[in-house]
Structure formats: C-alpha cells, structure tokens
1. Among Y187, Y253, which is touching a residue at least 24 places away in the same chain (Cβ under 8 Å), within 15 Å of ligand 1 (Cβ to nearest atom), touching a helix residue (DSSP H, G or I) at 6+ places or on another chain (Cβ under 8 Å) and over 20 Å from P285 (Cα atoms)?
2. Regarding the range 111-133, can at least one residue be identified that is out of contact with any Gly (no Cβ under 8 Å at 6 or more places or on another chain) and modelled with pLDDT of 75 or more?
3. Against the condition in contact (Cβ under 8 Å) with a residue 12 or more places away in the chain, farther than 21 Å from K337 by Cβ and open to solvent by less than 20 Å² (accessible area, probe 1.4 Å), how does H275 come out, does it pass?
4. Could you please find all residues in the range 197-224 being under 16 Å from I156 (Cβ atoms), within 16 Å of ligand 2 (Cβ to nearest atom) and part of a helix (DSSP H, G or I)?
5. Sort out which residues of the range 190-212 are at negative phi and either among the hydroxyl-bearing types (S, T, Y) or surrounded by fewer than 23 Cβ atoms within 10 Å (Cβ to Cβ) (or both), and write them in order of number.
6. If we keep just the residues of the range 225-247 that are away from ligand 2 (no atom under 12 Å from the Cβ) and among the charged types (D, E, K, R), which is nearest to L196 (Cα to Cα)?
7. So is S80 modelled with pLDDT under 90, open to solvent by 30 Å² or more (accessible area, probe 1.4 Å) and among the polar types (S, T, N, Q) or not?
Amino acid sequence: MHQLAYFGNLSGNSERLRKQLANLFEIEFKPLEHSLDSRLGAYTVFDFDLNDSTHLLRLKDKLKDKPKDAKVVFVTEKASRLQDARAFSLGATDVIYRPVDGRSLLSKLWSETRSLADENPEPPGNNGPGVTAAADTLRGIFSAACTGAPPDPKAIHSAGDTVVGQVEEQGLAAWIDTVRAHHSQTYQHCLLVTGLAVAFGQQLGVSRADRQRLSFAGMLHDIGKARIPLAILEKPGRLDDAEMAVIKKHPQYGLDALGTVSGLPSEMLDMVVHHHEYLDGSGYPHGLMANEISDLVRMITIADVFGALIERRSYKPPLSGEAAYQILTDMGPKLDKDLVGAFRFAANLGQ
Ligand SMILES: [Fe+2]
Ligand SMILES: [Fe+2]
C-alpha cells in the first residue's frame with residue numbers, strides 16, 4: 001500500500017476518492033499549510049485555489065526538495081491554462097481537472113495501471129458482436145478493478161451470454177482468429193480463455209447455464225491482474241522469482257476485487273481464486289488437492305493453460321493447437337485426465 005498526501009480543500013468527495021483508490025493508496029487529507037512543514041513523500045496532490053497567491057512562494061521552495069521521481073499532481077480548473085502553467089512552475093509533475101475522479105487521478109499517479117485500464121480493447125477490422133461486447137466489458141471491469149470499484153455483474157453476464165452465442169454460431173476457430181488480432185496481451189488472453197471455456201462446455205454437453213458460468217469466469221478469471229504492474233505483466237521473456245511472486249498474487253487480488261460484489265455466485269469466486277490450482281497440490285494460492293477442486297475450476301484451468309500457450313505475443317509466435325495440447329498432456333497429474341482427453345478438439349486449431 002502506498003501513502004498519498006492530499007493537501008487542500010477537497011469538497012465533499014473525499015470518501016468516494018478514498019474508496020476508489022483503496023486498492024493501491026492510503027490517502028491522508030490535510031490542510032494546505034501542513035505541506036509547508038512536512039516532508040513530501042512519493043505521491044502528493046495539491047488541491048487549492050491557484051489564484052490565491054498567499055502560500056505560492058513557500059510552496060515553490062518546498063517542492064524544490066521533493067524526492068526524486070515523486071509524483072506531484074495539482075488540481076486545476078479545466079479551462080485555465082494559466083492555472084496549469086502556474087502549477088508546473090511551482091513544481092507539479094502533472095495536473096488534473098476538477099472535479100477529481102479516482103480513476104483519472106490513479107492514471108496520473110500510477111502509470112503502470114494506466115496503460116492496462118486505458119488500453120483500447122477494440123480489435124481492428126471486423127469484430128463479431130461477441131468480441132466487441134466482451135472486449136468492452138473487459139475494459140470496464142479492469143478499469144473498475146484498478147480503482148477499487150466493483151464491476152457490474154449484469155454487464156458481465158450479458159457479455160458472457162453474447163460470447164456463448166457467437167462461439168456456438170461461428171465456431172471457436174473464428175473466435176480465436178478475431179481475438180488474436182487484438183493488441184493487448186491481457187485482454188487477448190481473457191477473451192481466448194473465454195472462447196475456449198465456452199467451446200469446452202459445448203463439447204462436454206454441459207447445460208447452457210454452465211456454459212454461461214464458464215464464459216463469465218473466462219472473462220473474470222484474471223481480473224486480479226489489473227493490480228499487477230504492467231512492466232511485470234507484459235514483460236517480454238522470463239520472469240525472475242520476485243516478479244513471479246508478484247504475479248502469483250493475482251488470484252487473491254481478483255477475489256478481493258469481486259468479493260464485495262453482491263449477487264455474484266460463489267462458484268464464480270471459486271473459479272477466480274483457484275484457476276491456478278493443480279490436482280497434485282502443486283498450484284497456488286492455496287495448494288488445493290484434487291477433491292477440493294471443482295469440475296468447473298478444472299475446466300477453466302485447462303482453458304487457461306491452453307489459452308496462454310496459443311496467444312500471439314510480440315516476442316514469440318503462438319504455439320499451434322497440436323503443440324499446446326501436447327504440453328497439456330505432458331502436465332500429467334496436475335490436470336484432470338478425462339477432461340484433458342475431452343479437450344482434444346482444441347488440438348485441431350491451427351496457428
Ligand atoms: Fe491467472
Ligand atoms: Fe489466465
């Protein structure tokens with residue numbers, strides 16, 4: 001958790017802001033004068049009337065001593081270039097306009113989350129309605145997760161339903177082709193896993209309600225990654241142990257993000273927090289054993305591993321369906337043998 005000092009008069013929405021930033025920052029609100037006597041930390045916001053020159057000279061001196069790489073954001077009026085110029089001349093590293101919104105403030109303070117939350121998930125070219133709906137929904141839920149706001153289960157449910165329809169109508173191969181054209185690795189991954197999970201459910205003949213659950217879980221399973229710095233999440237190449245330890249927090253982060261959403265079925269939370277568990281107990285975060293892992297979670301895990309292998313990444317070509325399926329079978333006791341057998345249809349997917 002990072003400390004954020006907020007100096008000035010934030011009228012009315014301090015609690016909302018506190019909630020919106022709760023995943024990453026602990027905010028302390030203080031009167032402007034306190035900034036003149038305290039040491040500035042790594043993250044500071046100044047929110048006061050820049051036309052009032054009472055403290056400006058002392059503030060400018062203070063800001064000369066700000067820590068290296070500190071983020072200092074001034075709140076200004078949108079139409080006032082003069083205020084923006086004054087803020088930068090005092091030592092601001094960025095400005096934000098009134099009224100202050102948590103998500104925009106977060107993007108100024110925390111550039112790693114900005115790129116993921118703000119990335120446009122709209123793939124170029126022709127998208128089916130399911131890809132567009134699912135990509136829009138993903139953007140919404142990742143943005144919400146970045147600011148600590150609960151995602152909207154109704155929107156996810158309806159996008160999930162559209163994916164089920166599209167995969168069943170046009171087939172998994174067409175879905176994968178469209179999704180692979182997508183430039184964001186994380187969104188691409190979630191969309192691939194969603195399509196694979198739905199097709200897997202179809203293959204096994206599970207009920208439409210279960211296929212919708214799988215679709216919903218495919219979109220949500222990695223929502224905790226919204227809190228992982230993009231530099232780690234999309235690092236080209238191998239992660240070191242410390243980076244891997246950060247990545248392994250994403251199932252718990254996902255549960256934190258969704259745990260407060262009312263009306264979300266518990267099996268959905270189970271899929272989010274346990275999709276990296278293996279039947280032999282070697283998975284994370286809880287090291288569950290076979291009998292503790294539900295069938296739906298086992299299916300999402302298989303779709304997840306396979307989806308990661310066939311993704312298109314900037315630094316490596318995607319594996320063919322055949323090669324990816326071979327890796328699944330080589331994982332032996334980690335995955336459900338019968339389910340891996342039923343997933344064989346995915347081996348026929350081309351490059
Ligand atoms: Fe994951
Ligand atoms: Fe995943």
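1. Values: Y253 fails: over 20 Å from P285 (Cα atoms).
The unique qualifying residue is Y187.
2. no
3. Details: in contact (Cβ under 8 Å) with a residue 12 or more places away in the chain: yes; farther than 21 Å from K337 by Cβ: no; open to solvent by less than 20 Å² (accessible area, probe 1.4 Å): yes.
Spelling it out, it is not the case that H275 is in contact (Cβ under 8 Å) with a residue 12 or more places away in the chain, farther than 21 Å from K337 by Cβ and open to solvent by less than 20 Å² (accessible area, probe 1.4 Å).
4. Those that are under 16 Å from I156 (Cβ atoms), within 16 Å of ligand 2 (Cβ to nearest atom) and part of a helix (DSSP H, G or I): A197, V198, L214, S215, F216, A217, G218, M219, L220, I223, G224.
5. We begin by selecting, within the range 190-212, every residue at negative phi; these are 190-204, 206-212.
Answer for the range 190-212, where residues must be at negative phi and either among the hydroxyl-bearing types (S, T, Y) or surrounded by fewer than 23 Cβ atoms within 10 Å (Cβ to Cβ) (or both): T194, Q202, Q203, L204, V206, S207, R208, A209, D210, Q212.
6. E234
7. Working: modelled with pLDDT under 90: yes; open to solvent by 30 Å² or more (accessible area, probe 1.4 Å): no; among the polar types (S, T, N, Q): yes.
For S80, the condition - modelled with pLDDT under 90, open to solvent by 30 Å² or more (accessible area, probe 1.4 Å) and among the polar types (S, T, N, Q) - is not met.
For (1) open to solvent by 30 Å² or more (accessible area, probe 1.4 Å); (2) more than 16 Å from R211 (Cα to Cα); (3) away from ligand 2 (no atom under 16 Å from the Cβ), each residue gets a yes or a no:
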| site | (1), (2), (3) |
| --- | --- |
| S294 | yes, no, yes |
| T301 | no, no, no |
| D304 | no, no, no |
| I310 | no, yes, no |
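The values are calculated or read from the model by the stated rules, or taken from the named source; none is laboratory data. As the structure is a prediction and not an experimental result, all values here were calculated from the model. Note: ideal-geometry Cβ built from the backbone for every residue, glycine included; neighbour counts use all protein chains shown. Keep in mind that these areas ignore ligands, DNA and RNA; they rest on the heavy atoms of the full protein, side chains included. Shrake-Rupley method; radii C 1.70, N 1.55, O 1.52, S 1.80 Å.
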